[in-house]
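J.: Take this structure, written in structure tokens, and hold onto it; I'll ask about it next.
The values are calculated or read from the model by the stated rules, or taken from the named source; none is laboratory data. Everything numeric here is computed off the predicted structure, so don't read it as measured data. With ideal geometry, Cβ positions are generated from the backbone for all residues, glycine too; neighbour counts draw on all protein chains shown.
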Amino acid sequence: MAYEKNPDDLGAFWNKLSAAGKAFMSGKVICAKCAHEQPVVVFAAIPPKTNANSPDWRVKKSNPREDMPAPQPRVLPAQTAMLDDDSIPF
């Protein structure tokens with residue numbers, strides 16, 4: 001059975017570990033009205049919860065890291081000559 005997207009889904013998140021060993025989530029939130037996808041990161045609130053109204057998590061826009069190279073398009077190697085049945089060694 002093919003995956004069918006649930007219309008109630010607003011995004012998805014993946015658990016990650018920072019270089020410093022801190023847990024966080026990264027993912028995206030999708031606007032239900034215009035379908036714009038916003039990359040976000042989710043961090044545990046700091047300082048830790050101090051009262052019932054303090055948040056447990058903070059959601060922030062995800063910005064590309066300056067130390068990461070921009071994604072490059074994949075270039076497939078040039079196609080070589082096609083093999084025929086006689087050139088296959090098995």
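J.: Given the residues Pro48, Pro69, which is the only one that is at pLDDT below 80, within 22 Å of the chain's Cα centre (by Cα) and either part of a loop (DSSP other than H, G, I, E, B) or surrounded by 10 or more Cβ atoms within 10 Å (Cβ to Cβ) (or both)?
T.: That would be Pro69, the only listed residue that is at pLDDT below 80, within 22 Å of the chain's Cα centre (by Cα) and either part of a loop (DSSP other than H, G, I, E, B) or surrounded by 10 or more Cβ atoms within 10 Å (Cβ to Cβ) (or both).
J.: When only residues in the range 1-45 that are among the polar types (S, T, N, Q) and part of a loop (DSSP other than H, G, I, E, B) count, which is surrounded by the fewest Cβ atoms within 10 Å (Cβ to Cβ)?
T.: Selected residue: Asn6.
J.: Could you please tell me which pairs satisfy a Cβ distance under 7 Å, a separation of 6+ or placement on different chains, a first residue in the range 1-30 that is among the hydroxyl-bearing types (Ser, Thr, Tyr), and a second residue that is assigned to a strand (DSSP E or B) and modelled with pLDDT of 90 or more?
T.: Close Cβ pairs (under 7 Å, with a partner that is assigned to a strand (DSSP E or B) and modelled with pLDDT of 90 or more) amount to Ser18/Phe24; Ser26/Phe13; Ser26/Trp14; Ser26/Lys16; Ser26/Val41.
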